[in-house]
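Chemist: Structure incoming, see below.
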Amino acid sequence: MSFVLTNIGELFTAGPEGVLRDAAVVVDGSTIAWVGSASQAPAADESVDARGAAVVPGFVDSHSHLVFAGDRADEFDARMSGQPYTAGGIRRTVAATRAASDEALAAHTGRLLDEALRSGTTTIEIKSGYGLTVADERRSLEVASRFTSEVTFLGAHVVPAGASPDAYVDLVAGEMLDAVVGIATWIDVFCDRGAFDVDQARRILTAGASRGLGVRMHANQLGPSGAARLGVELGAASVDHCTFLTDEDVDALAGSSTVATFVPGAEFSTRQPFPRIDRLRDAGVSYAIATDCNPGSSFTSSMPFCIALAVREMHMTPTEALLAATSGGAQALRRTDIGRIVVGAQADLVLLDAPSFVHLAYRPGVHLVKDVWQRGRRTTTWLPRP
């Protein structure tokens with residue numbers, strides 16, 4: 001089956017065509033088959049009238065932690081009352097997640113994904129990291145893999161309570177890694193104060209890479225740490241957070257293929273300073289926006305909210321922010337088939353109840369997503385992994 005989405009007032013392709021007006025898109029099955037002027041659109045089995053609204057690519061959320069149980073609203077309340085964020089609450093979520101059944105975890109993950117899809121997200125990466133035992137990390141990844149192929153092993157989230165750091169690094173880089181190879185696509189380490197240092201992160205990430213996993217990193221969230229430069233050294237697809245990048249970090253990123261992924265929802269929720277985009281823009285660094293959806297430091301699944309924050313607080317233009325949330329996220333996952341409305345790409349489309357994509361930042365907090373097509377299917381619930 002094919003359909004043509006016609007009478008699009010403004011089409012943000014995130015591709016070489018840029019922004020097209022009075023445009024149309026033809027979808028054949030799960031793939032974009034044609035893009036161009038509405039007056040020249042070829043025939044299709046079905047026609048859908050956009051009524052002059054704006055259409056953008058489905059958002060690509062390249063950093064999330066959706067497999068968890070429990071709630072940490074009290075921590076958010078405490079931070080808003082002046083207490084600093086220290087990442088120590090992760091262990092509370094670990095305890096709740098270990099106690100939950102596989103089906104309870106899957107049901108909660110599915111609810112969050114439905115929420116994300118209704119906000120326009122059509123591709124998402126999901127990390128483990130709330131299990132921290134061999135069995136619980138494996139089952140977290142098995143739950144995540146029901147929904148997405150972008151599954152990340154984050155056994156090195158924090159050291160579990162009562163464990164020896166050295167012994168736990170041995171476990172993550174050994175038995176735990178052995179248990180998740182074949183399920184996970186990526187490996188990640190939280191390399192920061194209160195978590196893992198650069199040497200520990202290097203050992204874990206190198207072990208993962210040697211087993212065929214792609215490298216990602218939590219880097220420079222709580223302060224300068226050397227983590228971003230380690231990511232570049234190891235050829236990481238993405239270093240994420242990047243709240244406290246030094247000039248040396250920016251220089252290293254500029255000479256690499258590693259994407260700097262920003263998660264402005266975390267700055268909002270922790271009251272840390274928002275990083276500005278100026279230095280990275282000037283240096284030619286590639287960057288993305290993600291939600292970091294998790295129960296502790298960024299409990300939002302809304303990419304439009306993160307786009308608005310990036311524009312207002314990080315000094316991105318609306319165009320830069322939308323690119324970061326679409327083609328930038330795709331680059332952070334090393335994908336070329338998503339995040340753009342171009343011929344041959346996956347048919348992930350978002351119809352906005354607005355005449356321009358600029359409204360995503362211009363009207364913050366307003367639900368503008370009217371329709372979502374995921375892999376060519378109009379849907380209001382997350383489609384199972386193909």
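Chemist: Starting from segment 168-191, take each residue that is under 10 Å from Ala207 (Cβ atoms) and list its partners that are assigned to a loop (DSSP other than H, G, I, E, B), counting only C-beta distances under 7 angstrom and pairs at least six apart or across chains.
Modeler: Leu177/Arg211; Ile187/Leu213
Chemist: Which condition number in (1) open to solvent by less than 30 Å² (accessible area, probe 1.4 Å); (2) more than 19 Å from Phe196 (Cβ to Cβ); (3) small (Gly, Ala, Ser); (4) at pLDDT below 95 is the one that Gly223 fails?
Modeler: (2)
Chemist: Which condition from (1) assigned to a loop (DSSP other than H, G, I, E, B); (2) open to solvent by 10 Å² or more (accessible area, probe 1.4 Å) is the one that Ala236 breaks?
Modeler: (2)
Rundown of residues vs (1) closer than 30 Å to Gly131 by Cβ; (2) modelled with pLDDT under 95; (3) more than 26 Å from the chain's Cα centre (by Cα); (4) buried (at least 16 other Cβ atoms within 10 Å of the Cβ), yes/no style:
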{"site": "Ala14", "(1), (2), (3), (4)": "no, no, no, yes"}
{"site": "Ala33", "(1), (2), (3), (4)": "no, no, yes, yes"}
{"site": "Ala50", "(1), (2), (3), (4)": "no, no, yes, yes"}
{"site": "Pro57", "(1), (2), (3), (4)": "no, no, no, yes"}
{"site": "His65", "(1), (2), (3), (4)": "yes, no, no, yes"}
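Chemist: Oh, and also: Would you tally the residues in segment 237-279 being touching a Gly at 6+ places or on another chain (Cβ under 9 Å), among the hydrophobic types (A, V, I, L, M, F, W, C) and over 25 Å from Thr300 (Cα atoms)?
Modeler: Looking only at that region, the number is 3.
Chemist: Still on this structure: Do we have Leu253 as closer than 26 Å to Ile307 by Cβ and part of a loop (DSSP other than H, G, I, E, B) here?
Modeler: no
Chemist: Run down Ser30, Ser81, Ser37, Ser64 and say which single residue is within 25 Å of Arg340 (Cα to Cα) and free of Cβ contacts under 8 Å to residues at least 60 places away in the same chain.
Modeler: On the way: Ser30 fails: free of Cβ contacts under 8 Å to residues at least 60 places away in the same chain; Ser81 fails: within 25 Å of Arg340 (Cα to Cα); Ser64 fails: free of Cβ contacts under 8 Å to residues at least 60 places away in the same chain.
Checking each option against the conditions leaves just Ser37.
Chemist: Is one or more of the residues making up segment 206-213 in contact with a strand residue (DSSP E or B) (Cβ under 8 Å, 6 or more places away or on another chain), of a type in the set (Lys, Arg) and open to solvent by less than 10 Å² (accessible area, probe 1.4 Å)?
Modeler: no
Chemist: Quick check on segment 101-133: of everything there that is among the hydrophobic types (A, V, I, L, M, F, W, C) and under 22 Å from Met303 (Cβ atoms), which residue is surrounded by the most Cβ atoms within 10 Å (Cβ to Cβ)?
Modeler: Ile124
Chemist: Follow-up. Hey, could you check segment 284-308 for residues that are open to solvent by 10 Å² or more (accessible area, probe 1.4 Å) and part of a helix (DSSP H, G or I) and say which is farthest from Gln272 (Cα to Cα)?
Modeler: So, considering only residues that are open to solvent by 10 Å² or more (accessible area, probe 1.4 Å) and part of a helix (DSSP H, G or I), the one farthest from Gln272 (Cα to Cα) is Pro304.
Chemist: Any residue at all in segment 23-30 that's within 18 Å of Leu352 (Cα to Cα) and surrounded by fewer than 15 Cβ atoms within 10 Å (Cβ to Cβ)?
Modeler: So far as segment 23-30 goes, no, none of its residues is within 18 Å of Leu352 (Cα to Cα) and surrounded by fewer than 15 Cβ atoms within 10 Å (Cβ to Cβ).
Chemist: Could you list, in sequence order, all residues of segment 161-197 that are surrounded by fewer than 16 Cβ atoms within 10 Å (Cβ to Cβ) and assigned to a helix (DSSP H, G or I)?
Modeler: Correct list: Pro165, Asp166, Ala167, Asp170, Gly174, Glu175, Asp178.
Chemist: Next up: Considering only residues that are in contact with a helix residue (DSSP H, G or I) (Cβ under 6 Å, 6 or more places away or on another chain) and closer than 30 Å to Asp102 by Cα, which ones fall in segment 23-60?
Modeler: Those that are in contact with a helix residue (DSSP H, G or I) (Cβ under 6 Å, 6 or more places away or on another chain) and closer than 30 Å to Asp102 by Cα: Phe59, Val60.
Chemist: Take the residues in segment 249-266 that are free of Cβ contacts under 8 Å to residues at least 60 places away in the same chain and closer than 15 Å to Asp278 by Cα, then tell me which one is most open to solvent (accessible area, probe 1.4 Å).
Modeler: Of everything passing the filter in segment 249-266, Asp251 is most open to solvent (accessible area, probe 1.4 Å).
Chemist: Of the conditions (1) closer than 28 Å to Asp188 by Cβ; (2) within 18 Å of the chain's Cα centre (by Cα), Ala345 fails just one. Which one is it?
Modeler: Among (1) closer than 28 Å to Asp188 by Cβ; (2) within 18 Å of the chain's Cα centre (by Cα), Ala345 violates only (2).
The values are calculated or read from the model by the stated rules, or taken from the named source; none is laboratory data. Everything quoted here is computed from the prediction, not taken from an experiment. Here the Cβ is made from the backbone with ideal geometry for all residues, glycine too, and neighbour counts use every protein chain on show. The accessibility values were calculated without ligands, DNA or RNA, using every heavy atom of the protein model including side chains. Shrake-Rupley method; radii C 1.70, N 1.55, O 1.52, S 1.80 Å.
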